[in-house]
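Notes to accompany the following structure.
None of the figures in this text is laboratory data; all of them are computed from the coordinates on show. Computed from a predicted model, the values in this text were never measured in an experiment. Glycine also receives a Cβ, built like all others from the backbone with ideal geometry; neighbour counts cover every protein chain displayed.
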Amino acid sequence: MSILILILAVSVVFKLVNIQFVKGDYYIGLSEQNNIKNIIIPANRGSVYSSGGKLLATSVPKYDIRFDALAPSDKNFNENLTDLSNSLSEYYNKPASFYMQLLRNARESKNRYLLIARNLGYNDHLLIKNFPLFKLGSYRGGLIIEQKTKRDYPMGGVAQRTIGYERKDDQGNITRPGIDGAFGSKYLKGTDGKRLSQKIGKGQWKPIEDFNQIEPQDGLDIYTTIDVKIQDVAHFALLEQLEKFKADHGSVVVMEVSTGEVKAISNLGRTSIGTYYEKLNYAIGESHEPGSTFKLMGMVAALEDKVVDTSDVIDTEAGVLTFYGRNVRDSKRGGYGKISVAKAFEVSSNTAMVKLITDNYKENPTKFIDRLYSMGLNKTLNLPILGEGIPKITHPSDKKNWDGLDLPWMAFGYGISLTPLQTLAFYNAIANDGVMLKPRFLREVKDFDKTVEVFNKEIINPSICSKETAKKVQKMMQNVVEKKHGTAHNIYSPSFSMAGKTGTCQTEYWKESGLYISSFAGYFPVENPKYSCIVVIHKPDKKIGYYGNIVAAPVFKKIAQKIYSETAIEDRLKGIEITELESENKTHINSIENRSLMPNVTKLNLSDAIALLENLGLVVEISGNGIKINQSVKSGSKIKKNQKVILKLT
Amino acid sequence: MIYSSHSVDRKIHNIAQINESVKSLRSEFVDTRTILIKYKMESSVSRKINQMGIATSTDPPVKIIIIK
């Protein structure tokens, strides 16, 4: 018996030693594996701000609400079912019976994870949390709240494609549109920290060392150039026009002339039910045939090469020119007769522009194209935002693609392609007397309140053309709006000045006819250009209108008008004596000896009389019109506080 | 030793709780700010006052500056 006990004891000791010393390391490792882990401390993603410091994009917790249909007791469930369904139906505007059925089915099918709502903001989540049954909490009410960090956009749908985001799909592919996407990995992201931690209760981890192995570094904040006010005007002006003309999509960009800062950028596309939202970043991504807005580039090239001058006369003939059996027509039937080069631009004559270019460059088209190239029109703007459209201007040395139609068609903006922003950058350069700036979206990068990086204006080309040429075409663009014959005279306003060029061109003519792109590009005010702006509207309903001056230009005007009416006119006056009104009132009241008697106010002007009487504690009422005052209470009679005195004017 | 270990645990739970409330306060802030920005936007203000018959001015204000 004792031997048996001894054997047992020895085997216990043997096992102990075996576990402790032989397999010890393995077991210690196993325990550490379960209880000790490198916890990743996520860095907070930086926020995106407007130029005025308003939040455009930031990371916030969002809430998913789910329901454990088995958690509540029968009593609680049945008692609250109707109330809860009613509350939900009110919140979502769906019939209560729908929710009643949904909740019942969930309980029957033993669903412990029924989705009630997704991505709720804080306030909404509080609301739902206090619905009947849910307010009993997770154990008795079956409420499950899941929190996750999401990107939120306080400005809503405004400028969404440009503000952008970073999104990972199920396959791990990352899409990065807009500013948030472009600068995400460089500035916003930050670096995650790491810390060796040990598991303790309630799902928490406690650090083992008293320092982090890798400190988390929160992302930096980005301050963009977007001006919320201009953006708001631009967005709604564009939206209104798209809705009016039932257009497919459109975009508008506003740029500051002297700095290249993009103040507003709006892109709206139509849904199948006719509403609009920020669908794609057309202004940056969509390269299309510009049409007549390209006449400016042709004109600048011709003036720079000094092959024409503004006062030269061109014969528009009968408004039709023929090249290789294909016609170039003016929008005015019969043409404009013999007109000057400047007027040809102002009335946007296709025949005149084509003649001007072909007459001077047909022997040497390379000269013309090289001139366009030297102005940077064949290159992208090298924007940080991904997906910039690539401009296309065929070079004569590209024998495969160059043919006889290229030069004449190019003169009025066909057979080439540019994005709206590329066109705008050129117009901005003209407004800026030839200095071409890169459109910019960022102002500075900050770490909380500390500036990390400041972005200054970037000059793409210090002189795309001479100052004289710039001045000449500026005058033409001014006349487009100002002169009666100008194509955009309909937006002329006597109170503020604008300059620009309309564009109406056919698009997808190879598919069907009658599809147009209406555009307007220009700047304001004329005298001292502050902002340049382009409006492009694709495929307006032809029956309602399709000309650039009718469809696109009003958006431009609205923005210009808004900015004009917001900027105060300063009127400086010199040497004016200011008499202080208050002291005058005091003199009146001080001149009265006995304040319990009614004074004579018939000799005073009305405002002084009211002030005086009210200072005496009387209630003044005024009737009639005129300059002579008759007082209802005789002067010298006793007065009481709050007594009514009527001043009758005759 | 045991006491300090527990007090660390307590502290960590405390921090976790505070973090949670920081997050929800931040969320509340952004959420409310979003509502405010939408109200404040000129387009929504003008939509509201248009019903009262007030329209936005098309002329700029004039600032009179007196030079002494």
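For residues that are among the small types (Gly, Ala, Ser) and in contact with a strand residue (DSSP E or B) (Cβ under 9 Å, 6 or more places away or on another chain), scanning just region B:1-26, find the one that is nearest to A:Gly201 (Cα to Cα).
B:Ser5
Return the residues of region A:152-172 that are more than 11 Å from every other protein chain (Cβ to nearest Cβ) and at negative phi; say none if nothing qualifies.
A:Gln160, A:Arg161, A:Thr162, A:Ile163, A:Tyr165, A:Glu166, A:Arg167, A:Lys168, A:Asp169, A:Asp170, A:Gln171
Among (1) over 38 Å from the mean Cα position of the chain (by Cα); (2) over 25 Å from B:Lys23 (Cα atoms), there is one condition A:Glu90 misses while meeting the rest; what is its number?
Only one criterion in (1) over 38 Å from the mean Cα position of the chain (by Cα); (2) over 25 Å from B:Lys23 (Cα atoms) is unmet by A:Glu90, namely (1).
For B:Arg26, work out the one condition from (1) more than 28 Å from the chain's Cα centre (by Cα); (2) farther than 27 Å from A:Val233 by Cβ; (3) surrounded by 12 or more Cβ atoms within 10 Å (Cβ to Cβ) it doesn't fulfil.
(1)
Give region A:175-206 a look and list any residue that's touching a residue at least 24 places away in the same chain (Cβ under 8 Å), more than 29 Å from the chain's Cα centre (by Cα) and more than 15 Å from A:Ser59 (Cβ to Cβ), or say none.
Once the filter is applied, which keeps residues that are touching a residue at least 24 places away in the same chain (Cβ under 8 Å), more than 29 Å from the chain's Cα centre (by Cα) and more than 15 Å from A:Ser59 (Cβ to Cβ), region A:175-206 yields A:Gly193, A:Lys194, A:Arg195, A:Leu196, A:Ser197, A:Gln198, A:Lys199, A:Trp205.
Restricting attention to region B:41-53, which residues are more than 9 Å from every other protein chain (Cβ to nearest Cβ) and charged (D, E, K, R)?
Within region B:41-53, B:Arg47, B:Lys48 qualify.
I need the full set of residues from region A:481-511 which are part of a helix (DSSP H, G or I) and within 14 Å of another protein chain (Cβ to nearest Cβ), in order please.
Correct list: A:Ile491 only.
Kindly indicate the residue of region A:430-452 that is without any contact (Cβ under 8 Å) to a residue 60 or more places away in the chain and within 22 Å of A:Thr224 (Cα to Cα) and also surrounded by the most Cβ atoms within 10 Å (Cβ to Cβ) among those meeting that condition.
A:Thr451
Of everything in region A:108-164 that's exposed (fewer than 14 other Cβ atoms within 10 Å of the Cβ) and of a type in the set (Asp, Glu), which residue is farthest from A:Tyr276 (Cα to Cα)?
If we take residues in region A:108-164 being exposed (fewer than 14 other Cβ atoms within 10 Å of the Cβ) and of a type in the set (Asp, Glu), then A:Glu108 is farthest from A:Tyr276 (Cα to Cα).
For region A:386-429, which residues satisfy the criterion of being surrounded by fewer than 24 Cβ atoms within 10 Å (Cβ to Cβ), under 35 Å from the mean Cα position of the chain (by Cα) and of a type in the set (A, V, I, L, M)?
Result: A:Leu386, A:Ile390, A:Ile393, A:Ile416.
Cβ-Cβ distance below 9 Å, separation of 6 or more or different chains: which pairs start in region B:5-32 with a residue that is touching a residue at least 60 places away in the same chain (Cβ under 8 Å) and more than 7 Å from every other protein chain (Cβ to nearest Cβ) and end on one that is surrounded by fewer than 12 Cβ atoms within 10 Å (Cβ to Cβ) and hydroxyl-bearing (Ser, Thr, Tyr)?
Close Cβ pairs satisfying both conditions: none exist.
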